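> Please find one structure pasted underneath; my questions will follow.
The values are calculated or read from the model by the stated rules, or taken from the named source; none is laboratory data. All figures in this text were calculated on a predicted structure; none of them were measured in a lab. For neighbour counting, all protein chains shown are included, and Cβ atoms are generated from backbone atoms with ideal geometry for every residue, glycine included.
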Amino acid sequence: MMPFYVPPEQLIKDRADFARKGIAYGRSIVALEYVDGVLLIGANPSSSLHKLGEIYDRIAFAGVGRFNEFETLRVAGIRYADLKGYSYGRGDVTGKGLANAYSQTIGQIFTHEVKPYEVEVIVAEVGDSTQETSLFRVQFDGTMRTEESHAAIGGKDEDLAARLGESHQPDVPLQVALETAMAAIEAVEERAATPGEWEAAVLDRTLGRRKFRRLDRAEIEAARAGD
């Protein structure tokens with residue numbers, strides 16, 4: 001019996017709709033520059049599953065959607081960075097190179113596998129100056145975009161990016177960036193989060209070789225209180 005024929009454009013549309021629906025269930029994450037680096041933050045009620053993680057010395061990862069899928073990508077990114085850094089040099093590991101690798105992997109899965117990945121990811125890299133700092137967003141179909149000063153992923157990413165574009169300044173202190181990010185996420189998602197529900201981390205260029213640092217609850221509470 002001959003299989004049913006599905007036009008390629010319909011197949012791509014169905015896969016895209018399927019992936020968007022899965023991503024929409026996740027809480028949004030934003031990455032935005034501040035005076036000393038890059039802040040990554042999102043609401044995450046789970047204390048055991050991380051949406052944010054360190055990839056390499058100056059590079060961090062954020063993912064929304066299916067946890068097992070973006071966790072697979074995060075682990076693969078660490079292996080990619082470690083292998084490249086060992087084979088060549090630590091300076092050869094870049095955020096752009098990692099984002100390109102994610103773009104190829106996710107795009108290949110979207111095009112050739114039965115089920116696409118229901119994920120979107122942000123790759124952030126902090127440099128010694130604002131001009132050397134990079135934000136990359138990779139979508140469910142492998143599309144990669146370079147973002148300026150802020151990026152958003154999740155079900156309401158466009159609304160969130162628009163709000164951040166109106167309220168965010170890249171040369172502000174960390175506390176102001178935290179306040180801006182939390183206010184934008186809560187306004188767009190129309191629900192508040194307690195300090196314990198936030199997951200936040202920074203790539204801080206003032207630190208040593210490893211720039212990644214997770215923010216503790218006290219820092220988030222201080223930003224919430226405006227202290």
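> Within segment 72-82, is even one residue assigned to a loop (DSSP other than H, G, I, E, B) and hydroxyl-bearing (S, T, Y)? Write out each step before concluding.
So the first thing to find is which residues in segment 72-82 are assigned to a loop (DSSP other than H, G, I, E, B), and the list is none.
The answer is no, given that none of the residues of segment 72-82 is assigned to a loop (DSSP other than H, G, I, E, B) and hydroxyl-bearing (S, T, Y).
> Does S134 satisfy the criteria of being more than 28 Å from R15 (Cβ to Cβ), touching a strand residue (DSSP E or B) at 6+ places or on another chain (Cβ under 9 Å), without any contact (Cβ under 8 Å) to a residue 60 or more places away in the chain and crowded, with 18+ Cβ neighbours inside 10 Å? Break it down stepwise before answering.
Working: more than 28 Å from R15 (Cβ to Cβ): yes; touching a strand residue (DSSP E or B) at 6+ places or on another chain (Cβ under 9 Å): yes; without any contact (Cβ under 8 Å) to a residue 60 or more places away in the chain: yes; crowded, with 18+ Cβ neighbours inside 10 Å: yes.
Against the criterion (more than 28 Å from R15 (Cβ to Cβ), touching a strand residue (DSSP E or B) at 6+ places or on another chain (Cβ under 9 Å), without any contact (Cβ under 8 Å) to a residue 60 or more places away in the chain and crowded, with 18+ Cβ neighbours inside 10 Å), S134 qualifies.
> I've got another one for you. Taking R209 as the residue in question, decide whether it is over 19 Å from the mean Cα position of the chain (by Cα), surrounded by fewer than 22 Cβ atoms within 10 Å (Cβ to Cβ) and in contact (Cβ under 8 Å) with a residue 60 or more places away in the chain. First the steps, then the outcome.
Numbers: over 19 Å from the mean Cα position of the chain (by Cα): yes; surrounded by fewer than 22 Cβ atoms within 10 Å (Cβ to Cβ): yes; in contact (Cβ under 8 Å) with a residue 60 or more places away in the chain: yes.
So R209 passes the test.
> Here is a further query. Do you know which of the residues in segment 147-170 that are within 19 Å of Y34 (Cβ to Cβ) and either out of contact with any strand residue (DSSP E or B) (no Cβ under 8 Å at 6 or more places or on another chain) or of a type in the set (S, T, Y) (or both) is surrounded by the fewest Cβ atoms within 10 Å (Cβ to Cβ)? Even if it seems obvious, please write down each step before you answer.
We begin by selecting, within segment 147-170, every residue within 19 Å of Y34 (Cβ to Cβ); these are 147-153, 160-161, 163-170.
The next check asks that each one be either out of contact with any strand residue (DSSP E or B) (no Cβ under 8 Å at 6 or more places or on another chain) or of a type in the set (S, T, Y) (or both); those that pass are 149, 163, 166-167, 169.
Numbers: S149: 18, R163: 20, E166: 7, S167: 15, Q169: 14.
So, considering only residues that are within 19 Å of Y34 (Cβ to Cβ) and either out of contact with any strand residue (DSSP E or B) (no Cβ under 8 Å at 6 or more places or on another chain) or of a type in the set (S, T, Y) (or both), the one surrounded by the fewest Cβ atoms within 10 Å (Cβ to Cβ) is E166.
> If you go through segment 171-206 one residue at a time, how many are loosely packed, with under 15 Cβ neighbours inside 10 Å and under 20 Å from S46 (Cα atoms)?
The qualifying residues number 6.
> A further question follows. Under the condition of being more than 16 Å from A184 (Cβ to Cβ) and buried (at least 17 other Cβ atoms within 10 Å of the Cβ), which residue from segment 21-32 is modelled with the lowest pLDDT?
Step by step, filter segment 21-32, then rank; the result is G26.
> Need pairs with beta-carbon distance below 6 Å; first residue touching a residue at least 12 places away in the same chain (Cβ under 8 Å) and within segment 30-51, second part of a loop (DSSP other than H, G, I, E, B) and among the charged types (D, E, K, R); sequence gap 6+ or separate chains.
What qualifies is V35/D171; D36/R205; G37/R205; G42/R27; G42/K51; A43/R27; N44/K51.
> Enumerate the strands (runs of 3 or more DSSP E) found wholly within segment 126-227, keeping only those where 2 or more residues are over 26 Å from G22 (Cα atoms). If you could, list the steps in order and put the result at the bottom.
Details: elements: 134-138, 144-147, 150-153, 198-204, 212-214.
Answer list for segment 126-227: 198-204, 212-214.
> Next up: Just wondering, is there one or more residues in segment 43-56 that are under 18 Å from E219 (Cβ atoms), of a type in the set (D, E, K, R), in contact with a Phe, Trp or Tyr (Cβ under 8 Å, 6 or more places away or on another chain) and not in a helix (DSSP H, G or I)?
Checked against the condition, which is being under 18 Å from E219 (Cβ atoms), of a type in the set (D, E, K, R), in contact with a Phe, Trp or Tyr (Cβ under 8 Å, 6 or more places away or on another chain) and not in a helix (DSSP H, G or I), segment 43-56 yields at least one hit.
> If only one of L135, L174, L164, L178 is within 24 Å of D92 (Cβ to Cβ) and touching a Leu at 6+ places or on another chain (Cβ under 9 Å), which one is it? Explain how you work it out, then say what you get.
Details: L174 fails: within 24 Å of D92 (Cβ to Cβ); L164 fails: within 24 Å of D92 (Cβ to Cβ); L178 fails: within 24 Å of D92 (Cβ to Cβ).
Of L135, L174, L164, L178, the one residue that is within 24 Å of D92 (Cβ to Cβ) and touching a Leu at 6+ places or on another chain (Cβ under 9 Å) is L135.
> Considering only segment 68-82, state which residues are among the charged types (D, E, K, R) and under 27 Å from G22 (Cα atoms).
Going residue by residue through segment 68-82, those that are among the charged types (D, E, K, R) are 69, 71, 74, 79, 82.
Across segment 68-82, the qualifying residues are E69, E71, R74, R79.
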